[in-house]
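Encoded as structure tokens, the structure appears first; notes follow it.
The values are calculated or read from the model by the stated rules, or taken from the named source; none is laboratory data. What you are looking at is a predicted structure, and each value in this text was computed from that prediction instead of being measured. When we count neighbours, we look across all protein chains shown, and the Cβ atoms used for this are built from the backbone with ideal geometry, even at glycine.
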Amino acid sequence: MRITVILCTYNRSALLHKALDSLVAQRLPDTMEWEVIVVDNNSSDHTRAVVGDYVCLHPGRIHYLLETDQGLSRARNAGIRIASGDVIAFVDDDVTAEPTWLWCLTSCLFDGNWIGAGGRILPPDGIEMPKWITVGGPFDISGALALFNLGDQPGELSRPPYGANMAFRKSVFERYGMFRPDLGRRGSNLISGEDTEFGNRLLAAGEHLRYEPSAVVHHPVPEERLNKKYFRRWWLGFGRTRILERPARPAILGIPHEFLSIVNLIFHFLPLRLLRWLFAAGPKDRFYQQCWVMLTLGEIVQNYHIAVSRRRSDSKIPTQAADGNQSAAG
């Protein structure tokens, strides 16, 4: 059996050392073959040189792959296509994995009971969160920081794991497809969800995913993210992501479904969430409700983009057909 770890990176050469050091220090059984594929998503910094040093120091263990087509999903898919592992694990370029992370995350995937697994993504030790941020509980907004912690007990997941700490059998991608390229980070945009959409795809098909709390990575929380402006932008992007994840719905009486959704969002959900924000009891609840207002605005924006795009596409079809008829007539 063989494991492939895929680490995708874009212009983070200064952070790669910690992540790669923690990966080459992984402790696995001597009989287990494993590799790390670093997918460079067309970086313009010193990424290639940094990874090249590790390739030389750890021949056969670390591999470099350049993917010039921008987007996290495209980078992950490129890594999957060349992976030799029976199990594929994913990790971010800015995390530090504990030495037992890889084996704890993947060992359950070799006996046939589980098709995928996710572990804990924790903040660095000693970090102090602002008072308006809630991690866990009813006002949890930690998704903006890519943290994932469902407690100390292993068990079956009822929600998808996050891309910074997840693993699947390679056969899953042959059966259910790859990560959607219209989702996931591209450059500086905050549309994400390629990892959770894939996990939800598996759960909807009745597949079983395991939560493994002993598989731990530590995710940095940059100071520039610990402000309300970043959280508002992230939740706006999260709203857009939620709409992109949904399957296309047919028009009603010739009206695109997205326009009907916009009306519903503006006149039903937005007023309700604004009221919850205005009358929230404390600072954590108040900001939590404000984040949901931003999510609703993101849903409105993305519905509008999709509706306009489809209207433009539909308007081109008759013109193209007419051009084709004229060509045939000529």
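What to note about this one:
- Extreme residue, farthest from Pro160 (Cα to Cα), among residues of region 209-251 that are surrounded by 14 or more Cβ atoms within 10 Å (Cβ to Cβ) and of a type in the set (Gly, Ala, Ser): Ala251
- Wholly within region 209-319, helices (runs of 4 or more DSSP H) carrying at least 2 residues that are under 23 Å from the mean Cα position of the chain (by Cα), of a type outside the set (Ser, Thr, Tyr) and at pLDDT below 90: 228-245
- Whenever a residue of region 92-115 is over 22 Å from Glu194 (Cα atoms) and in contact (Cβ under 8 Å) with a residue 12 or more places away in the chain, its partners that are surrounded by fewer than 18 Cβ atoms within 10 Å (Cβ to Cβ) and among the small types (Gly, Ala, Ser), lying with C-beta atoms within less than 6 angstrom and at least six residues away or across chains, give the pairs Pro99/Ala25; Cys104/Ser214.
- Residue within region 62-70 that is assigned by TED's automatic domain parsing to the domain that holds Phe198, part of a helix (DSSP H, G or I) and of a type in the set (Val, Ile, Thr) present: no
- Considering region 16-41, and only residues there that are touching a helix residue (DSSP H, G or I) at 6+ places or on another chain (Cβ under 9 Å) and assigned to a loop (DSSP other than H, G, I, E, B), the residue that is nearest to Gly79 (Cα to Cα) turns out to be Asn41.
- Residue check for Ser192: of a type in the set (Gly, Ala, Ser), assigned by TED's automatic domain parsing to the domain that holds Pro99, on the phi < 0 side of the Ramachandran plot and outside any helix (DSSP H, G or I): yes
Quick grid of which residues meet (1) in contact (Cβ under 8 Å) with a residue 60 or more places away in the chain; (2) closer than 25 Å to Asn200 by Cβ:
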| position | (1), (2) |
| --- | --- |
| Tyr211 | yes, yes |
| Val217 | yes, yes |
| Pro220 | yes, no |
| Glu223 | no, no |
| Phe231 | yes, yes |
| Trp234 | yes, yes |
| Ile243 | yes, yes |
| Glu258 | no, yes |
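- Of the residues in region 153-161, at least one is part of a loop (DSSP other than H, G, I, E, B), surrounded by fewer than 20 Cβ atoms within 10 Å (Cβ to Cβ), among the hydroxyl-bearing types (Ser, Thr, Tyr) and at pLDDT 90 or above.
- Of all residues in region 182-200 being surrounded by fewer than 17 Cβ atoms within 10 Å (Cβ to Cβ) and either modelled with pLDDT of 90 or more or among the polar types (S, T, N, Q) (or both), the one that is farthest from the chain's Cα centre (by Cα): Ser188
- Count - residues of region 205-234 that are of a type in the set (A, V, I, L, M, F, W, C) and over 15 Å from Leu147 (Cα atoms): 2
- Residues in region 27-49 that are within 15 Å of Ala89 (Cβ to Cβ) and crowded, with 19+ Cβ neighbours inside 10 Å: Trp34, Val36, Ile37, Val38, Val39.
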